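The values are calculated or read from the model by the stated rules, or taken from the named source; none is laboratory data. Here the structure is a predicted model, which is why all the values come from computation and not from measurement. Reconstructed Cβ throughout: ideal geometry from the backbone, glycine too, with neighbour counts over all protein chains shown.
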Amino acid sequence: MVIVALVGAGSLAYAKRKVSQIDRYELTNINDPTSPGFDSDQPRNFLLVGADSDDGLAADDPARAGRGDVGGIRSDTIMVVRVDPKTNEAKVLSFPRDLWVDVPGFGKGRINSSLEFGGPDKLIETIKTNFDIDINHYVQVNFAGFKSLVDQIGGVPVYFATPVKDQGGLNVTSAGCNTLDGTGALAYVRARHMKYLNENGRWKSIDPTSDLGRISRQQDFIKRVLRGAIKKGARNPRTLATLINTGVTNIRLDQGTTAGDLIALGNAFRTFDPNALQTYNLPVTATVRSGADVLDLQTGGAEPILAQFRGTGTEATGDLTPASIAVAVLNGSGVQNQAGDASSVLATAGFKMSEPGQAAGVMRTQVRYAPGMEAQAALVARHLFADVDLIADQDVAEITVVTGPDFHAALVDPRPEKDFPVPTTTTTTAVPGSESGSTDPDAGSTTTSSVVGYVPGAAPVGEPSCG
């Protein structure tokens, strides 16, 4: 994706020749593979898969350590990249590999198992079945391809406020700006259990979020690679040719993605600013299924995000509609049929309603929402004739209304926005030098952030920029 997004007019013939050498998958679940390419200015979804495959690596490569005999193809990273040549926008949605989904034909399982069970076709079918997202193009890269690209651009600089390490091979021994080569970069983007060296010389967990924090670092790393490729001169045809040579041996595409598609995409994004890349994470809840630690999707909070990758919604709060919000009403007042009556009215207003139910009594009507669903909760509250408490609750999978003795009725038409302003983001404790929160008791000051887990921040004021 980095390579094709930087195609320049002076290298079109070369790019066509090289793209024709890329290995292909004959896929049946690609959506409308014969439709017009990017010349039509239509948004397209690329499914970008980082395969857990060490093919192409030397026998003594550190990335092979402790792997043993890994059979089949598994997905280490799953992203949908939506590009819109008309608006010059690009968005990335990451799927945690432990996300619990319906794998068609195999029952429930982690989303990364679908690639192992049935290859790219099964993964594409799984995404369509569970999230209703169409996939137009498929790109798969292995460890060797990732490492080679990083090495070709001279490594990727990352600022670490303290030494950090991970059991998967990452070992940054000094604070400051560290340029990660291909081996270091691969260990960094795969790290799930990072630790940092605190001021007392003790190694402490820097990020308890495992795969979720890793996703945040991967999304940040994409921007760093894009910036690094541009600094290296990737908009120069000669430099670009070197990058393309690197890429063709370690990636695979679907059969419907043509050189013309990629060149048209590259031309549309020739001036793209990496910092304008929009990144999204799905709201999830940790749980245990069949004895395994997995993640359940928070349906209500996910809907506005998924809508953007279906092409049916936008992020802006003002564009939220009831149709994009899942709601459950629970009777906490004991008034007969209250939850059912309120559900009927909210369904008329357009909300996606679950079956009404009962709840323990509450003193005042509550609208409970998962973190990240503040705007949706405020909109639901505006459809209630009650003195509502808005309560963040990481255990709810959808906006949940619990009626209290103050509840009078649900409303088809919303109350004014000023009645229920969108709640502010909850603050968390920040690890030194990160852009996100951590629960580590030895961490530094408090900060507000929507990023999950630990992501290294910019170099402090007074020091040279780093990546």
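Worth a mention:
- Residue match in the range 104-123 (condition: under 20 Å from the mean Cα position of the chain (by Cα) and among the acidic types (D, E)): no
- Subset of the range 267-302 [outside any loop (DSSP other than H, G, I, E, B) and among the basic types (K, R)]: R289
- Restricting the range 188-212 to residues that are among the small types (G, A, S) and surrounded by fewer than 21 Cβ atoms within 10 Å (Cβ to Cβ), the residue that is modelled with the lowest pLDDT: S210
- Only one of A90, A65, A59 that is over 25 Å from D296 (Cβ atoms), among the hydrophobic types (A, V, I, L, M, F, W, C), under 18 Å from the mean Cα position of the chain (by Cα) and at pLDDT below 90: A90
- Selection status of G184, at pLDDT 90 or above, over 18 Å from P274 (Cα atoms), more than 26 Å from the chain's Cα centre (by Cα) and not hydroxyl-bearing (S, T, Y): no
- Qualifying residue in the range 69-79 (condition: in a loop (DSSP other than H, G, I, E, B), touching a Pro at 6+ places or on another chain (Cβ under 9 Å), modelled with pLDDT under 95 and not basic (K, R)): yes
- For A187, the conditions (1) assigned by TED's automatic domain parsing to the domain that holds I251; (2) under 21 Å from I251 (Cβ atoms); (3) in a helix (DSSP H, G or I); (4) touching a residue at least 24 places away in the same chain (Cβ under 8 Å) all hold with the exception of (1).
- Scanning the range 88-115 for residues that are among the aromatic types (F, W, Y) and in a loop (DSSP other than H, G, I, E, B) yields one hit, F106.
- Residue within the range 149-158 that is surrounded by fewer than 23 Cβ atoms within 10 Å (Cβ to Cβ) and in a helix (DSSP H, G or I) present: yes
- Q167 being within 20 Å of V92 (Cβ to Cβ) and not in a helix (DSSP H, G or I): no
- Unique residue being exposed (fewer than 15 other Cβ atoms within 10 Å of the Cβ) and hydrophobic (A, V, I, L, M, F, W, C) when the list is V367, V288, V345, V327: V288
- Close pairs from the range 354-379: first on the phi > 0 side of the Ramachandran plot, partner at pLDDT below 95, Cβ under 6 Å, at least 6 apart: G372/P283; G372/G301
- On inspection, A381 qualifies as crowded, with 17+ Cβ neighbours inside 10 Å and either more than 23 Å from P283 (Cβ to Cβ) or in the same structural domain as V335 (by TED's automatic domain parsing) (or both).
- Which listed residue is hydrophobic (A, V, I, L, M, F, W, C), touching an Asp or Glu at 6+ places or on another chain (Cβ under 6 Å) and either at pLDDT 95 or above or closer than 21 Å to Q219 by Cβ (or both), from F160, F143, F131: F143
- Looking only at the range 257-290, and only at residues there that are in contact with a helix residue (DSSP H, G or I) (Cβ under 6 Å, 6 or more places away or on another chain) and among the β-branched types (V, I, T), the one that is modelled with the highest pLDDT: T279
- Check on T179, without any contact (Cβ under 8 Å) to a residue 12 or more places away in the chain and in contact with a strand residue (DSSP E or B) (Cβ under 9 Å, 6 or more places away or on another chain): no
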